[in-house]
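Engineer: Here's a structure for you.
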Amino acid sequence: GSPGHFTRLEPEPPKMNPVVEPLSWMLGTWLSDPPGVGTFPTLQPFQYLEEVHISHVGQPMLNFSFNSFHPDTHKPMHRECGFIRLKPDTNKVAFISAQNTGIVEVEEGEVNGHELCISSHSVSRISFAKEPHVEQITRKFRLNSEGKLEQTVSMATTTQPMTQHLHITYKKV
Ligand code: HEM
């Protein structure tokens with residue numbers, strides 16, 4: 001259009017790029033069901049709600065956002081967003097995430113069927129993220145037999161070895 005004339009720029013609905021087909025089971029809007037469970041040796045176990053949006057715009061990558069909320073007050077908690085890239089003609093995946101806690105990280109791994117296993121390749125510690133700093137992150141996503149998405153996150157910090165931090169199941173909305 002002409003200058004000053006506003007139109008939506010995102011193609012809608014976009015045609016899926018065949019490169020991302022192996023990850024198409026992750027696409028959609030997902031809500032925690034039941035609430036997620038957080039654990040770590042240094043923490044009291046906690047629960048959380050999370051809304052996930054995984055989409056594409058026809059590019060050979062997915063866009064994601066994970067936004068978590070307090071289970072009682074619905075106060076926003078951890079948030080992260082980024083991209084999931086597939087190396088064309090392989091099952092190699094790169095997961096790139098910026099988190100509201102000051103962490104910026106890249107994880108790498110593989111998709112096999114309805115399961116994606118990734119682990120951190122680089123975690124930025126130059127930000128003023130609060131201590132203890134995260135040294136390593138691993139995640140597993142899978143689509144279970146009930147059609148629900150599951151995410152498990154483990155981490156190692158400067159004070160603790162690799163231990164599970166999160167487990168959550170999401171229902172498609
Ligand atoms: C604490 C990392 C996602 C909730 C922590 C700590 C770290 C961390 C390093 C401090 C542990 C300690 O003190 O020993 C991460 C990473 C995440 C992630 C790397 C994602 C990859 C989440 C999510 C929630 C969450 C989705 C959901 C609400 C909490 C809570 C605490 C905590 C409640 C304890 C209180 C606090 O330190 O704020 N996390 N976290 N985290 N995390 Fe996470």
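Engineer: Extending each Cα 7 Å along its Cβ direction at K148 and N112, get the distance between those two points in nm, one decimal.
Structural biologist: 2.4 nm
Engineer: Can I ask one more? Report the convex hull volume per residue for segment 66-120, counting only C-alpha atoms, in Å³.
Structural biologist: 85 Å³
Engineer: Another question, then. Just to make sure I understand: if all protein chains stay in place, what is the order of K171, K140, K148 by accessible area at 1.4 Å, largest first?
Structural biologist: K171, K140, K148
Engineer: Could you tell me the calculated FRET efficiency between N63 and L31, based on Cβ-Cβ distance and R0 = 22 angstrom, to the nearest 0.05?
Structural biologist: It comes to 0.75.
Engineer: May I pose another question? Hey, if we sort W30, W25 by accessible area with the 1.4 Å probe, largest down, what's the order?
Structural biologist: Highest to lowest solvent-accessible surface, that is W25, W30.
Engineer: Give the accessible area for K75 in Å² (nearest 10); use a 1.4 Å probe, count only protein heavy atoms, and leave out ligands, DNA and RNA.
Structural biologist: 130 Å²
Engineer: Of all accessible surface on the chain at a 1.4 Å probe, what whole percent is carbon and sulfur?
Structural biologist: About 56 percent, which is the carbon plus sulfur part of the accessible surface.
Engineer: With a cut-off of 8 Å between alpha carbons and a minimum separation of six or more residues, what is the relative contact order of the chain in percent?
Structural biologist: 19 percent
Engineer: I would also like to ask the following. Report the gain in length on full extension from N91 to K171: 0.36 nm times residue separation, minus Cα-Cα distance, nm rounded to one decimal.
Structural biologist: Difference between extended and current length: 26.3 nm.
Engineer: Let me ask something else about it. Net charge near L49: determine it from the other residues with C-beta under 14 Å of the C-beta of L49, scoring Lys and Arg +1 and Asp and Glu -1.
Structural biologist: -1
Engineer: Ranked by accessible surface with a 1.4 Å probe, highest first, in what order do S68, S145 come?
Structural biologist: So the residues, ranked largest to smallest area, are S145, S68.
Engineer: Mind listing which chymotrypsin sites (Phe, Trp or Tyr not before Pro) in segment 87-173 are in a DSSP loop and have 13 or fewer other Cβ atoms within 10 Å?
Structural biologist: F128
Engineer: Restricting attention to segment 34-109, which trypsin sites (Lys or Arg not before Pro) occupy a DSSP loop and are surrounded by at most 16 other Cβ atoms within 10 Å?
Structural biologist: When the trypsin sites (Lys or Arg not before Pro) of segment 34-109 are filtered for loop state and at most 16 Cβ neighbours within 10 Å, nothing remains.
Engineer: Pairs K75/K140; K75/K171; K15/K140; K75/K130; K87/K140: which exceed 23 Å Cα-Cα?
Structural biologist: K75/K140; K15/K140
Engineer: Under a Cβ-only charge scheme (Lys and Arg +1, Asp and Glu -1), can you give me the dipole magnitude of the chain about the Cα centre, in debye to the nearest 20?
Structural biologist: Once rounded to the nearest 20, the dipole reads 140 debye.
Engineer: Also, I was wondering about something else. If you count only protein heavy atoms with a 1.4 Å probe, what accessible area per residue comes out for segment 1-132, rounded to a whole Å²?
Structural biologist: That works out to 62 Å² per residue.
Engineer: Any chance you could check the Cα centroid distance between segment 23-88 and segment 112-168 for me, in angstrom?
Structural biologist: Each part reduced to its Cα centre gives a spacing of 12 Å.
The values are calculated or read from the model by the stated rules, or taken from the named source; none is laboratory data. Everything numeric in this text was worked out from a predicted model, so none of it was measured. As a convention, Cβ positions derive from the backbone with ideal geometry for all residues, glycine included, and neighbour counts pool all protein chains shown. Calculation scope for accessible area: heavy atoms of the full protein, side chains included, ligands and nucleic acids excluded. Shrake-Rupley method; radii C 1.70, N 1.55, O 1.52, S 1.80 Å.
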